[in-house]
Each structure stands twice: as C-alpha cells, then as structure tokens.
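Report on the structure given below.
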Amino acid sequence: MKLEEIAGRTFEFARERFPVAKLNAESMLTKKVVPVHRMSWAYYLGGLALFFFLVQVVTGLMLLFYYQPTVSDAHASVEYITQHVSGGALVRNLHAWSSSAMILTVIVHVLTTFAMKAFAKPREITWVTGVFLAMLVFGFGFTGYLLPWNQIAVNATKVGLQSIEAVGQYLPGEMATWPTFVRETIQGEAAVGQATLSRFYALHVILLPFLVAGLLGVHLFQVQIHGMSCGVDVERVGTEKFFPFFVIKDLSVWGVAFLVLFVLGLCLPFESFFAYPLMEPYDPLGSTPEGIKPEWYFFFVYYPLELLPYWAVMLGMTAGTLGLLLSPWILQNASRRTLRAIAIAAATYLVVITLFGQSIYEVLKGVSP
Ligand code: HEM
C-alpha cells in the first residue's frame with residue numbers, strides 16, 4: 001500500500017472518530033438524545049463509575065492529610081485516622097466501599113457495552129480507552145491495598161508480585177529475566193519494603209489519577225461526539241432528551257448511590273470483613289498468617305492460579321485481555337445475540353468464581369488455599 005494511501009486512510013479514520021466539525025456545545029446539550037429501550041438502564045453505568053471515581057478523589061484527598069507513606073508510620077497513621085480523627089473512620093470506609101463499588105460498576109459497564117456492541121464503528125476509541133481505564137482502575141485497587149501496611153496488605157502484595165515474576169519460567173533465553181526486572185522495578189528493593197510503599201503511594205495518588213483523568217477525557221469526549229449507541233436490534237427505539245431529562249435521572253442515581261455508600265460507610269466498617277491478625281501491622285520477622293488473599297475483584301485470576309497450571313491461566317489472561325482490546329475489529333461482524341451470550345457467560349464465570357471460588361477450591365483440594 002502506498003504511503004499517501006496509508007496517510008489518507010489514517011486521516012479518514014481520525015476524521016470519523018474525532019469529527020471536530022460536529023463540535024458545538026449548544027447542539028451537544030440541546031439536541032443530544034438518549035435511546036430508550038430495555039437496556040437503557042446500562043447508560044447510567046458510565047456515569048455511576050464517574051461518580052465513584054469522584055468520591056475516590058475527594059475521600060482520597062482527605063485521607064492524604066493524615067496518611068504517612070512510611071513503613072514505620074503507615075499503619076499507625078491509618079489507625080489514627082480511624083480512631084482519632086473526627087469523621088476519619090467514615091471517610092476511610094467511604095473510600096474503601098466506593099473503590100469496590102467503582103470496580104463492580106466498571107465490570108458491569110464493560111459487560112453491558114460489550115453486549116450492546118457499543119464498541120462498533122465509530123466508537124472504537126471509546127472502547128479502547130475504556131479497556132485501558134479498566135486496567136488503571138484495577139491498578140488503583142492493587143496499589144491502594146498495600147498502603148495500610150498491615151499483614152494482609154503486604155503479604156497479598158508479595159504474592160501478586162511473585163505471580164508477575166513467575167512468567168519468566170515460560171520465556172526463552174534473555175527474555176526469562178524480564179519479569180524479574182519488572183518485579184524488582186515495581187518493588188524497588190530485594191523485599192517488599194519502604195521503596196515499594198513509596199512507589200505504590202506515588203502510583204496511587206499521582207500517576208494513576210492523572211492517567212485516568214486523561215483517558216476519561218478522551219472517553220467522555222468520544223461519548224459526547226458520537227452520542228450513545230442504540231445498543232439493541234429493534235426497528236423503532238424511543239429517545240429522550242439528554243439535557244435535562246437524562247442528566248436529572250443520572251444525578252438521581254448518583255444521589256441514591258451516595259446514600260447507600262454513606263450508610264455502608266457509617267454502619268459497616270470495611271475492616272470487619274477481615275479476621276485477626278490480618279489488619280495488624282505487618283511483621284517482617286513474623287510468619288505469614290492464614291487467609292492471605294487479594295481483594296475480591298482479583299478472585300477471577302487468584303483461584304484459577306490456585307487450581308490450574310500457571311501457564312494456562314497466563315495464556316487465558318493474555319488471550320482475554322487482547323480479545324477485549326481488539327473486540328471492535330475481531331468482533332465487528334458478530335451479532336448482538338452472540339455478544340450477549342459471551343457477556344452472560346463472562347458474567348456467570350465472574351459471579352461464580354467470586355462468590356464460590358473458596359468452596360470450589362476446598363471441594364477440589366480438600367483444604368483451604
Ligand atoms: C473509570 C472508568 C469509566 C468511566 C468513568 C466511564 C464513563 C463512561 C460514561 C459517562 C459513558 C456515557 C454513558 C454510558 O453509556 O454509560 C461511557 C460510555 C461508554 N463506555 Fe465507559 N467508562 C469507564 C470505563 C469503561 C470501560 C472499562 C469500557 C470498556 C472496556 C468502557 C466502554 C464504554 C463504551 C463503549 C461507551 C459508549 C456507550 C454507548 O455509546 O452506548 N467504559 N463511559
């Protein structure tokens with residue numbers, strides 16, 4: 001293919017995905033409509049994910065006033081926030097509950113936009129930025145988990161980093177050392193220690209928020225420019241005006257979500273789900289306590305790693321992630337019926353492994369992992 005042909009196609013691709021000529025704030029607000037059909041509830045999920053992200057930013061900034069990112073003071077500063085700062089326990093619980101709520105909402109947002117084929121042309125950029133947003137949101141979970149520097153935080157992080165390094169055994173020659181280099185770069189020193197805590201802290205409160213804000217800007221710009229996809233295979237789909245009707249409903253959903261978060265933050269401390277001594281300060285000389293597991297949203301890979309050969313899980317994860325990223329191209333001719341079936345199968349796997357992973361493990365292995 002000649003160079004000008006490639007340039008021409010690239011320009012055409014960009015012009016269709018970023019039709020800036022269509023940019024007109026007045027019409028985007030007054031003329032924009034939202035399709036009304038049986039899956040319309042899914043159009044609130046992106047907004048809800050945005051809401052939980054904003055709760056994370058606000059409660060995270062408040063926690064920064066007291067949190068000490070040092071191995072000597074991290075755990076004590078979190079204890080101080082919970083027990084001595086007025087409203088500290090509530091803010092910490094809101095941050096913890098909203099992090100789980102955000103990840104759950106993003107997962108359902110991925111499954112519904114996939115089932116609705118909302119990745120189809122011209123929304124490929126919306127989808128690809130979305131997939132990277134999902135990776136960053138899981139990155140928030142992984143880095144935030146270490147910051148309280150308690151037994152479960154440090155030991156679960158060690159296991160996570162070791163599973164990165166284990167890839168090396170399947171790579172040829174020089175490449176076999178790359179995963180070790182990645183683990184050492186993330187860890188910053190021989191063992192999980194001050195350098196690791198400083199790096200996870202910098203990732204959690206600076207790099208990831210900026211990356212998410214940037215990607216979200218492109219994501220929402222694309223949604224504003226292309227509008228909501230129809231999402232269902234029916235002839236006549238009703239519509240409602242985006243402004244003010246959909247916006248008012250979106251904000252009402254945010255209001256209900258905040259109420260639920262607030263009640264959970266007040267009445268159900270996140271820590272109550274962790275048995276003693278998991279919330280105790282990390283003791284580098286002590287033995288690893290029982291029950292070390294990652295957060296619930298990593299169970300979809302944690303239990304397969306405990307039950308299946310490592311290479312099989314890594315192959316599945318790589319194929320799954322690449323398949324998701326390239327969905328707009330490899331599934332452009334797929335019917336919504338097929339996509340719905342794939343989304344339902346994925347949702348069933350996620351629900352079963354998250355809720356029953358422990359029991360499945362005990363049945364198959366006869367012991368607790
Ligand atoms: C921090 C995470 C995210 C936020 C805050 C977010 C926010 C939004 C918002 C506000 C919308 C418009 C309303 C809606 O359709 O729900 C939207 C649409 C969309 N999002 Fe996301 N999103 C996130 C992650 C993702 C992920 C992980 C994916 C997919 C992998 C994704 C794919 C899409 C698609 C394809 C649309 C267009 C929907 C349509 O036109 O029907 N988003 N997103």
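The values are calculated or read from the model by the stated rules, or taken from the named source; none is laboratory data. Everything numeric in this text was worked out from a predicted model, so none of it was measured. Backbone-built Cβ (ideal geometry, glycine too); neighbour counts: all protein chains shown. Accessible surface areas use protein heavy atoms only, side chains included; no ligands, DNA or RNA. Shrake-Rupley method; radii C 1.70, N 1.55, O 1.52, S 1.80 Å.
Condition check ((1) of a type outside the set (F, W, Y); (2) surrounded by 15 or more Cβ atoms within 10 Å (Cβ to Cβ)) across all residues:
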{"site": "L147", "(1), (2)": "yes, yes"}
{"site": "V154", "(1), (2)": "yes, yes"}
{"site": "L161", "(1), (2)": "yes, yes"}
{"site": "V167", "(1), (2)": "yes, yes"}
{"site": "Y170", "(1), (2)": "no, no"}
{"site": "T177", "(1), (2)": "yes, no"}
{"site": "A202", "(1), (2)": "yes, no"}
{"site": "I206", "(1), (2)": "yes, no"}
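Is it the case, given these coordinates, that F119 is within 12 Å of the ligand (Cβ to nearest atom), closer than 30 Å to Y276 by Cβ and either open to solvent by less than 20 Å² (accessible area, probe 1.4 Å) or not β-branched (V, I, T) (or both)? Steps first, answer last, please.
On the way: within 12 Å of the ligand (Cβ to nearest atom): yes; closer than 30 Å to Y276 by Cβ: no; either open to solvent by less than 20 Å² (accessible area, probe 1.4 Å) or not β-branched (V, I, T) (or both): yes.
No; evaluated as a whole, the condition is false for this residue.
For region 143-197, filtering for residues that are touching a Gly at 6+ places or on another chain (Cβ under 7 Å) and modelled with pLDDT of 95 or more leaves 2.
Could you list, in sequence order, all residues of region 265-303 that are free of Cβ contacts under 8 Å to residues at least 40 places away in the same chain and hydrophobic (A, V, I, L, M, F, W, C)? The answer is C267, F273, A275, L285, V301. The single condition among (1) open to solvent by less than 20 Å² (accessible area, probe 1.4 Å); (2) under 23 Å from F132 (Cα atoms); (3) not polar (S, T, N, Q) that V192 does not meet is (2).
Considering each residue of region 11-19 in turn, at least one proves to be within 23 Å of F243 (Cβ to Cβ) and modelled with pLDDT under 95.
Considering only residues in region 46-75 that are closer than 22 Å to F273 by Cβ and part of a helix (DSSP H, G or I), the one that is nearest to the ligand (Cβ to nearest atom) turns out to be F52.
Only residues that are closer than 11 Å to V33 by Cα, within 11 Å of the ligand (Cβ to nearest atom) and modelled with pLDDT under 90 were counted in region 227-249, giving 5.
H95 - would you say it is more than 9 Å from the ligand (Cβ to nearest atom) and open to solvent by 30 Å² or more (accessible area, probe 1.4 Å)? Spell out how you get there, then give the answer.
Details: more than 9 Å from the ligand (Cβ to nearest atom): yes; open to solvent by 30 Å² or more (accessible area, probe 1.4 Å): yes.
Taking the combined requirement at face value, the residue satisfies it.
When region 77-101 is filtered for residues that are part of a helix (DSSP H, G or I) and either free of Cβ contacts under 8 Å to residues at least 24 places away in the same chain or β-branched (V, I, T) (or both), the ones remaining, listed by number, are S77, V78, E79, Y80, I81, T82, Q83, G88, V91. Annotation: F221 fulfils all but one of (1) within 21 Å of the chain's Cα centre (by Cα); (2) more than 12 Å from the ligand (Cβ to nearest atom); the unmet one is (2).
Within region 64-86, not a single residue is out of contact with any Leu (no Cβ under 8 Å at 6 or more places or on another chain), under 30 Å from A343 (Cα atoms), of a type outside the set (S, T, N, Q) and open to solvent by 40 Å² or more (accessible area, probe 1.4 Å). Exactly one residue among G173, G168, G139 is of a type outside the set (A, V, I, L, M, F, W, C), over 30 Å from S335 (Cα atoms) and within 16 Å of the ligand (Cβ to nearest atom), and that residue is G139.
What are the residues in region 170-201 that are over 19 Å from P294 (Cα atoms) and in contact (Cβ under 8 Å) with a residue 60 or more places away in the chain, if any? Listed by number, the residues that qualify are Y170, Q194, S198.
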